[in-house]
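Heads up, the thing below is written out as structure tokens.
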Amino acid sequence: MDCKIIETWILTDYLDGELGPAKLQALESHLKTCRACSDFLQEAKTTIVRPFEDTKQHMPQQEYLWNRIKAKIEEEPKQYPKMTLERIIRSFRAPKPIFALSTCAALILAVFVLTQARALYQKTYNRQLAATALTEQLEYFASDEITSFGTDAENYFL
Amino acid sequence: MQEISIQTIKEASEGSMAAFRQIYDKASGFVYNVALRILNNKEDAEEVAQDVFVNIFRSLDKYYFGSSLKTWMYRITVNASLNCVRRRKKEINKHVSYDDALEKNQGLSINAPGAKRIEDEELVTRMLDMLNPDQRACIVLRNIEGLSYEEIAVALAININTVRSRLKRAREILLTCRNEVA
């Protein structure tokens, strides 16, 4: 196996215990036969692993830092979402793709509703016109009184 | 970090300072430690830790309970620290050399300090100083905080292979510069 690949594995997954079983086996059998890679592993352990092993956690001055945090929080108190205006502003701060998508959906819905409403109104209006015309026609035929036969010429002859 | 109960998080997100203090007590150590390791400056680390906790307090109601609180806090801390590094780079006059940083860090409180430990601490500080901020963040999270590659990828919002390549590059630099830092 190529020593460059082995060095890469050593510097990353092997030192960090993230190497899978197959690669681990391949690496270990390579190390048995390659002195250069074995030396590289020892050097890597000494130089880049051991110095970090005994590092201790630095602690802040707990109370001092807490007082600073508390003062800053109290200085600018958190605004809870109780105001409607804030909620509206927050909705505008939403990620752009979500905002754009929701705006498009709202526009499409509005256009659809308006088109449907207009079509329904037109249909109702036409029905009313037809009903009025029919009523007038029926009233005309039901009436015995003939006041006119149509145009002046028709009235003259009939 | 010790476990923080969901109840505590909920109470803190509703504004309870007592609950938030519990979170602070459990997390302040690693937040400050990560910031200090990345920034190598006590005052900057304190400022970043302060901003991180104020940010956490204000964002707790947006925290998604399905994810790890610890990883979420690491993410906020690393981002704040890297932003601070960038700000510091812009402020040329405020540039802190390694010697200045060492001088400033003289007063650091290290648990149970001893001569050998202080020597090791100085070596680690010098080693981290050789790396760029992104590589330093990876090394701190892996070698000091003990996060897995996956946790580092989530905390830094990068691909797991980017974590690998940053660690590899950082360790190559440390190997190359071993005589300078030792």
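Determine, yes or no, whether B:I38 is of a type in the set (V, I, T), buried (at least 21 other Cβ atoms within 10 Å of the Cβ) and away from every other protein chain (no Cβ under 11 Å). Criteria met by B:I38.
Identify all residues within region B:51-63 that are of a type outside the set (S, T, N, Q) and either out of contact with any Phe, Trp or Tyr (no Cβ under 7 Å at 6 or more places or on another chain) or more than 8 Å from every other protein chain (Cβ to nearest Cβ) (or both); write none if there are none. The answer is B:D51, B:V52, B:V54, B:I56, B:R58, B:L60, B:D61, B:K62, B:Y63.
Quick check: is even one residue across region A:34-42 assigned to a loop (DSSP other than H, G, I, E, B), within 14 Å of B:Y149 (Cβ to Cβ) and out of contact with any Phe, Trp or Tyr (no Cβ under 6 Å at 6 or more places or on another chain)?
Here is the first cut: in region A:34-42, the residues assigned to a loop (DSSP other than H, G, I, E, B) are A:34.
The next check asks that each one be within 14 Å of B:Y149 (Cβ to Cβ); those that pass are none.
No, every residue in region A:34-42 fails to be assigned to a loop (DSSP other than H, G, I, E, B), within 14 Å of B:Y149 (Cβ to Cβ) and out of contact with any Phe, Trp or Tyr (no Cβ under 6 Å at 6 or more places or on another chain).
Is at least one residue of region B:101-119 more than 11 Å from chain A (Cβ to nearest Cβ), in a helix (DSSP H, G or I), touching a Ser or Thr at 6+ places or on another chain (Cβ under 9 Å) and modelled with pLDDT under 80? Within region B:101-119 (the criterion being more than 11 Å from chain A (Cβ to nearest Cβ), in a helix (DSSP H, G or I), touching a Ser or Thr at 6+ places or on another chain (Cβ under 9 Å) and modelled with pLDDT under 80), the answer is yes, since at least one residue qualifies. Please work out which residue is farthest from B:D51 (Cα to Cα), limiting yourself to region A:59-73 and to residues that are within 7 Å of another protein chain (Cβ to nearest Cβ) and outside any helix (DSSP H, G or I). Result: A:M59. Residues of region A:2-40 being over 47 Å from the mean Cα position of the chain (by Cα) and touching a residue at least 12 places away in the same chain (Cβ under 8 Å), which ones? Matches in region A:2-40: A:H30, A:L31, A:C34, A:A36, A:C37, A:F40.
Filtered by the rule that a residue be closer than 24 Å to B:L147 by Cβ, of a type in the set (A, V, I, L, M) and modelled with pLDDT of 90 or more, region B:1-28 gives B:I23, B:A27.
Please pick out the residue among B:V48, B:V31 that is at pLDDT 90 or above, touching a Cys at 6+ places or on another chain (Cβ under 6 Å) and within 11 Å of chain A (Cβ to nearest Cβ). Quick ask: steps written out before the conclusion?
Working: B:V31 fails: touching a Cys at 6+ places or on another chain (Cβ under 6 Å).
That would be B:V48, the only listed residue that is at pLDDT 90 or above, touching a Cys at 6+ places or on another chain (Cβ under 6 Å) and within 11 Å of chain A (Cβ to nearest Cβ).
Each residue in region B:1-19 was checked for being assigned to a helix (DSSP H, G or I) and facing chain A (nearest Cβ under 8 Å), and 1 of them qualify.
Take the conditions at pLDDT 90 or above and under 19 Å from the mean Cα position of the chain (by Cα) and apply them to B:V140. Does it pass? Even if it seems obvious, please write down each step before you answer.
Values: at pLDDT 90 or above: yes; under 19 Å from the mean Cα position of the chain (by Cα): yes.
Yes; evaluated as a whole, the condition is true for this residue.
The values are calculated or read from the model by the stated rules, or taken from the named source; none is laboratory data. What you see is a predicted model; the values in this text were computed from it and never measured. Methodologically, a virtual Cβ is constructed for each residue, glycine included, from the backbone with ideal geometry; neighbour enumeration extends over all protein chains shown.
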